[in-house]
Structure formats: C-alpha cells, structure tokens
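Participant: Quick one: structure below, then a few questions.
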Amino acid sequence: MDKTKYTDKKNIKLWGGRFEQPTDAFVEAFTASVHFDQRLYKHDIAGSIAHARMLCHVGVLTKAECESIVAGLTDIQLDIERGEFAWSVELEDVHMNIEARLIDRIGEVGKKLHTGRSRNDQVATDIRLYLREEIDAITAELTRLQQALLELAGKETHTIMPGFTHLQTAQPVTFGHHVLAWFEMLKRDRARLLDCKKRVNVMPLGAAALAGTSYPIDREYTASLLGFDSVTENSLDAVSDRDFAIEFVSAASLIMMHLSRMSEELVLWMSAQFGFIDIDDCFCTGSSIMPQKKNPDVPELVRGKTGRVNGHLVSLLTLMKGQPLAYNKDNQEDKEPLFDTADTLRDSLHVYADMIPAISINREKMKSAAIQGYSTATDLADYLVKKGVAFRDAHEVVGKAVKYAIKADKDLAELALQELKTFSDVIDQDVFEVLTLEGSVAARNHIGGTAPEQVSKAVARGKEWLKSV
Ligand code: ARG
C-alpha cells in the first residue's frame, strides 16, 4: 500500500494518472475554483455523506467503510470551521480538496468515496443544496421586511400624501396605501422565489459524469437523506443545465428592482424639497466636506447594487447560451455571480427590514404637498358627473377652474363658491366636501382603493397572510 499522503505527493492531482507533465503553474491557478467554491464545503460534505450512506445501503461499501468515510468527512468539516484546513490550489476545487484530505485522514478506504459519481453531478448537487438554503434565508429576510411594511402602513392609514403619475401630483393617496403597494410587490417576489425553489430542490446525484453509472445506486434513497423533493430524470440535463440558478438570479433581479424603486422614493422624500420623511442617523452618513449633509446612503447603495445583480443575470444567461450537452468547464463560472447575487440580495433585504422602522414620517409636509398640487381636481370632475354633466365636459370645466386657480395662486378648495359657479352652475356648497383631501381619499372605498378604511382592511389581510407563510 502506498503510504504517501496525497497532499505530500509531487503530483497530487486526483486525476493525474494519464498525465506525463505537470500542469503549467499559471494554468493551474487559472483553472482552479477553490478560492471561491470552498464556501460550498458544507454542502459538498453533506452530499458526500449521503452518497456514502447510499453506497453502503446498496452494498457497494461495507458498513465499516461507510462509517469511516462519514467520520472522516465530519472531522474535515470541523477542521474547516475551525480555520484549520489548508485549501490547496493544486487540488483545484472544493471537491478534490476535501476528497484528498479524506484519503489522507482515513487512508485507502477514502478512495472509495468517489465510486459511482463524478464532480459533475457532485457540483450540481452542491449548488442546489446551497441555493435551497439561501432561498430559505432570503425568504426569511423578505418576511421581516414585509412585517415592517405592514407595521408602517398600519400606523399611516390616515396620512395623506400626493399620489404621483409622471412624478407630477395626480390625486391624494394615503401613505399607508403607498407602503402597501411595496408590500404587494414583495408578495409576488416571494411567490417567485418559492416557485423557483421547487425546481432547485431536485437531485442530480447519480447522473455521474453525464451518462449515469453502472453501480446499482438508489437515487431516491440519497435524495431522501438530503431532503430533495425528487431526482433529475435525465443525466445529461442534470449535469449541464444551470437554468435553476438563472431563474433564481432572475427572481433576485426583480426583487432588487423593487428595492431600487423603493430606494428612489425614499431618497427623493428625504430631500429638503420634499421633506416627507427622515431616516434615523444610524442608517445615514455625512459628507466629508459639507457639514450640513445627512445622506440616505442605505437606499442609494441598494439602488446601486441592483446593477450588479442585473449584471449577474446577463452573465449567467450568456454563460449558458452556447454550451453543448453535457457538462462543460464553462459552468465553473456560474458560482461567483450566483454567490454574489445571493449575498447582495440577502444583505439588501436585511438592511431594508432594519431601516423601515427607523423612518419617521412628516405628515404635515405630506399633506401640504397634496394640497399644493390641485390633487382633488378629479374629485371635482366626478362631482360634476354625479350632478349630470358628461365626464368629458366635466374634465374641460375643471381644467378651466384649475387654470383660474393657478393664476389666482389658490387651491381649488380655497376658491369661493361664487368663483366656482362661474365654471358650472351645478356647483353648490356641498362641493367643498369633495374638494378636501380627506373626502377625496375616503371616497375611494373599494378593495384596492386608497381609503383609510380599505388600507386598514388590507393591513389586517396582510397580517393574516403573513401568519400563513
Ligand atoms: N469546479 C468544477 C465546477 O465548478 C467542478 C466540476 C468539474 N468537473 C470537471 N469535469 N472538470 O464546475
């Protein structure tokens, strides 16, 4: 028996048998992935342990061999977690680093672990295990953020602000309603993530290099040990496609896009010109030159980070598009964009969930902004319609009244009844009820409308829904 430790050998490559020359040093570094895929160690070890147990279950490994492999892998995991594992570029990736170390630790029997599998199905399995865990963690952050939004909306059901279209004052809305719009976006985002998880949670192990294996493996057994819902149904597809990762990054891009839109609003609202909100100091930073500045860095940075996630989506789509079946080394490039996407998304949601409760609302500013923009003009038109005027005519009449009010530098509600009557004689004293902001929002009292009553109901529905997720 060769007693030399793998890691002491001159040529320690696990695939070195057919090679006469050592790998060029630059090529070795160029082709290695261990500096980034080492973070898959936990999933790689979990996959290996399940694989070993399955090999034992079908009689390819003896019980003693299996136990020795499992114990060795468990110790290696502890070493890694204690920072006592020396990763080697010569051993290329996380898989061969761990396998070589296993052989060093437990000897010959360690060489049996790779029976009936390949790094191709191994890495596909690791990524799926990793992504499954990430999706759960990200969904938990999403829940925290949704909870925070519901709390905020619940406090601001009666707060009136201008609603915008084209970023021009359109109609008054309640701030709670605006916050619930964000909540709805995230609800769809969550559904997309969970749907994606269904396709992530399928086990490729057993596909081996590309064609399957001649050992009497029991894939369902391995899958149940690893908590996979099912096994992949085609070995070529199993080792080659990364569509599940692309799908995740696509769902992540949509979430980042939503966070970015929220960020844009928060940044605008915190400006002196809007003055709608303030964000606690602990979420802001100052300027090195302008002493008066307090900058909303967190939302700005989240808006900025959206770009890198979108970029990762394009990277992965491009990575995949030219690949023939089955596995190609191109796929090693899937990890960095995927990891960075999950990290960026998770951190962005985390900081947002913490920041939302740290936002204070300036209700007066919001209300006076809504007053300024003739936001009840539609209400006046609707009032005329209810008194028998056709909508198009009503639109025209109100347009003229607004023109007049702009010249007089007054809000519609500030015009005297006599002045209003010059535009239409159906206008009466009761017009002032619809010209108030409160009257305007309260009138939109149907499911999905901005009325405080509806916002309270929507918050209650949201809280019920959160209990079920
Ligand atoms: N490091 C590789 C990757 O990330 C593992 C699979 C390598 N397989 C191979 N046949 N070279 O994709």
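Participant: Rounding to the nearest 20 debye, state how big the charge dipole of the chain is about its Cα centre with +1 on each Lys and Arg Cβ and -1 on each Asp and Glu Cβ.
Facilitator: The dipole magnitude comes to about 380 debye.
Participant: Now, a different point. Taking the Cα centre of the chain as the origin and placing charges on Cβ (Lys, Arg +1; Asp, Glu -1), which of 372, 57, 262 is farthest toward the positive end of the dipole?
Facilitator: Selected residue: 57.
Participant: Here's a follow-up. Name the residue from 41, 102, 124 whose Cα lies farthest towards the positive end of the charge dipole of the stretch 1-157, charges +1 on Cβ of Lys and Arg and -1 on Cβ of Asp and Glu.
Facilitator: Most positive-ward Cα: 102.
Participant: Quick one: which residues, 5+ away or cross-chain, put their amide H under 5 Å from the amide H of residue 163? H built at 1.01 Å from N.
Facilitator: 170, 171, 173
Participant: Give the lysines whose C-alpha is closer than 19 Å to that of residue 421, dropping any in the same chain fewer than 8 places away, or say none.
Facilitator: 386, 387, 400, 403, 407, 410
Participant: As a test of understanding, state the convex hull volume per residue of the chain from its alpha carbons, in Å³.
Facilitator: Roughly 202 Å³ of hull volume per residue.
Participant: Between residue 133 and residue 243, what's the calculated FRET efficiency when r is the beta-carbon distance and R0 is 22 Å? Round to 0.05.
Facilitator: 0.70
Participant: Can you work out the Karplus-derived ³J(HN,Hα) for every residue in the stretch 129-146? Use 6.51 cos²θ - 1.76 cosθ + 1.60 with θ = phi - 60°, whole Hz, and x for glycine or proline.
Facilitator: 5, 4, 5, 4, 5, 4, 4, 4, 5, 5, 4, 5, 5, 4, 4, 4, 5, 5
Participant: Does anyone have the angle between helix 297-321 and the longest principal axis of the chain? Alpha-carbon axes, 0 to 90°, nearest 10?
Facilitator: 50 degrees
Participant: By count of other Cβ within 10 Å, fewest leading, how are 56, 282, 66 ordered?
Facilitator: 282, 56, 66
Participant: In whole angstrom, how far apart do the alpha carbon centroids of the stretch 79-116 and the stretch 137-213 sit?
Facilitator: Each part reduced to its Cα centre gives a spacing of 41 Å.
Participant: Rounded to whole Hz and in sequence order, give me ³J(HN,Hα) for the stretch 391-407 from the Karplus expression 6.51 cos²θ - 1.76 cosθ + 1.60, θ = phi - 60°, writing x for Gly and Pro.
Facilitator: Rounded to whole hertz, the list is 4, 4, 5, 4, 4, 5, 4, 5, x, 5, 4, 5, 4, 4, 5, 4, 4.
Participant: May I ask you to derive the FRET efficiency for residue 19 and residue 194 from their Cβ-Cβ distance with R0 = 60 Å, giving the value to the nearest 0.05?
Facilitator: Efficiency, from the Cβ-Cβ distance: 0.85.
Participant: Further question on the same structure: Just list whichever of 13/112; 155/467; 198/457; 197/329; 365/463 have alpha carbons separated by over 27 Å in the model shown.
Facilitator: In this structure, 198/457; 365/463 lie more than 27 Å apart at Cα.
Participant: Please report 258, 51, 178 as a ranked list, fewest other C-beta atoms within 10 angstrom at the top and most at the bottom.
Facilitator: In increasing order of surrounding Cβ atoms, one gets 258, 178, 51.
Participant: Something else about it: For the stretch 49-78 and the stretch 228-301, what is the separation of their Cα centres, given in Å?
Facilitator: Going from one Cα centre to the other spans 42 Å.
Participant: Can you tell me the relative contact order of the chain? Whole percent, Cα pairs under 8 Å, sequence separation 6 or more.
Facilitator: 17 percent
Participant: Read phi for every residue in the stretch 33-49 and hand back ³J(HN,Hα) as whole Hz from Karplus 6.51 cos²θ - 1.76 cosθ + 1.60, θ = phi - 60°, with x for Gly and Pro.
Facilitator: So the J values, rounded to whole Hz, are 10, 4, 5, 10, 8, 4, 6, 8, 3, 5, 6, 5, 5, 4, x, 5, 5.
Participant: Provide, for q = 0.17 Å⁻¹, the log10 of I(q)/I(0) from a solvent-free Debye sum over equal Cα point scatterers in the stretch 1-139.
Facilitator: -0.99
Participant: Another question about this same structure. Does anyone have the angle between helix 94-106 and the longest principal axis of the chain? Alpha-carbon axes, 0 to 90°, nearest 10?
Facilitator: Helix 94-106 sits roughly 40 degrees off the main axis of the chain.
Participant: Using Cα pairs under 8 angstrom and six or more residues apart, how large is the relative contact order of the stretch 236-385, in percent?
Facilitator: Relative contact order here is 33 percent.
Participant: Moving to a separate point now. Could you give the dipole magnitude of the stretch 145-194 about its Cα centre, charging the beta-carbon of Lys and Arg +1 and that of Asp and Glu -1, in debye to the nearest 20?
Facilitator: It comes to approximately 180 debye.
A short reminder: the numbers here are calculations on the coordinates, not readings from a lab. Note that this is a predicted model, so its numbers are computed, not measured. Note that we place each Cβ from the backbone using ideal geometry, even for glycine, and neighbour counts take in every protein chain shown.
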